[in-house]
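A short write-up of the structure that comes next.
The values are calculated or read from the model by the stated rules, or taken from the named source; none is laboratory data. Being a predicted model, the structure only gives us computed values, none of them experimental. As a convention, Cβ positions derive from the backbone with ideal geometry for all residues, glycine included, and neighbour counts pool all protein chains shown. Each accessible area value is taken on the protein alone, full model and side chains, heavy atoms only, with ligands, DNA and RNA left out. Shrake-Rupley method; radii C 1.70, N 1.55, O 1.52, S 1.80 Å.
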Amino acid sequence: MGKYEQLCRGEGTGMTPRRQSRLFCRHSVLLLTLAEMEKVKELAKPRVSPNIGWSYAWLGAYEHPMVDKINQRIEDLTGLDVTMAEDLQVANYGIGGQYEPHLDYRQKDEPEEFEDLVEGNRIATWLLYMSDVPAGGATVFTEVGAAVRPIKGTAVFWYNLYPSGEGDYRTLHAACPVLVGSKWVSNKWIRERGQEFRRRCGLQEKD
Ligand SMILES: O=C(O)CCC(=O)C(=O)O
Ligand SMILES: [Fe+2]
């Protein structure tokens with residue numbers, strides 16, 4: 001059985017206490033209000049296929065003042081500039097909906113993928129859960145051995161790139177199949193441009 005399946009079953013996290021303490025910093029405050037989450041879902045609903053597999057929609061800041069406010073909140077919380085970030089992505093997973101292990105950043109050996117990277121690569125990912133999921137639906141990091149259960153109003157944030165700009169393979173992650181309920185998330189992919197004075201670059205490849 002692969003690490004993905006194992007983690008989804010709630011087995012084999014096996015993280016050292018040190019790693020655990022460095023990875024997890026979960027606050028019990030709602031990062032978006034219930035009204036904001038409902039609005040985001042309402043805006044996305046006509047564009048996703050609720051409750052079947054996995055589907056998503058992009059929400060531009062111009063669509064509703066609340067979207068703009070949410071983007072601003074992400075900037076305040078992460079300390080990163082969101083001017084050149086991608087639009088807010090809203091995704092829904094129905095029963096059985098999942099997302100296989102992948103990297104959010106573009107790799108160097110995908111040259112054709114670099115064409116639309118004027119804003120740079122995806123330096124960081126902000127992933128916010130907009131629903132509780134009674135069973136399944138965790139986000140798992142297969143290299144690290146971590147599983148994050150969706151809790152409505154909480155978010156996961158990580159850097160996809162080393163400060164040098166090199167991709168960090170340890171960020172490989174996946175969404176486990178939803179077993180009961182419906183999973184709503186919103187993703188914000190922050191790009192490298194605009195972070196020059198917010199996150200200093202490293203001298204070594206893996207700095
Ligand atoms: O829904 C999740 O838990 C992860 C989603 C994800 O990794 C993505 O959309 O890139
Ligand atoms: Fe992802």
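Structure values in brief
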read-out: Helix-derived mean residue ellipticity, 222 nm - over the chain, DSSP H n ≥ 4, -39500 (n - 2.57), to 500; value: -5500 deg cm²/dmol
read-out: Given charges at beta-carbon only (K, R positive; D, E negative), |dipole| of the chain in Debye; value: 920
read-out: Filtered chymotrypsin sites (Phe, Trp or Tyr not before Pro), the stretch 174-203: DSSP coil and at most 14 other beta carbons within 10 Å; value: PHE197
read-out: Estimated vicinal HN-Hα couplings, Hz - the stretch 51-61 in sequence order (Karplus 6.51, -1.76, 1.60; Gly, Pro = x); value: 6, 10, x, 10, 8, 8, 9, 9, 10, x, 4
read-out: Exposed trypsin sites (Lys or Arg not before Pro) absent - longest run of the chain, DSSP non-H/G/I/E/B, at most 15 other C-beta within 10 Å; value: 27-107
read-out: Cleavage-rule hits (GluC sites (Glu not before Pro)) in the stretch 124-207: DSSP loop, at most 15 neighbouring Cβ within 10 angstrom; value: GLU143, GLU196, GLU205
read-out: Candidates per GluC sites (Glu not before Pro) in the stretch 1-95, loop by DSSP, up to 10 other Cβ within 10 Å; value: none
read-out: Gaussian network model of the chain, springs between alpha carbon atoms under 10 Å - residue of THR142, THR16, THR78 with greatest fluctuation; value: THR16
read-out: For the stretch 3-191: accessible area per residue (Å², 1.4 Å); value: 49
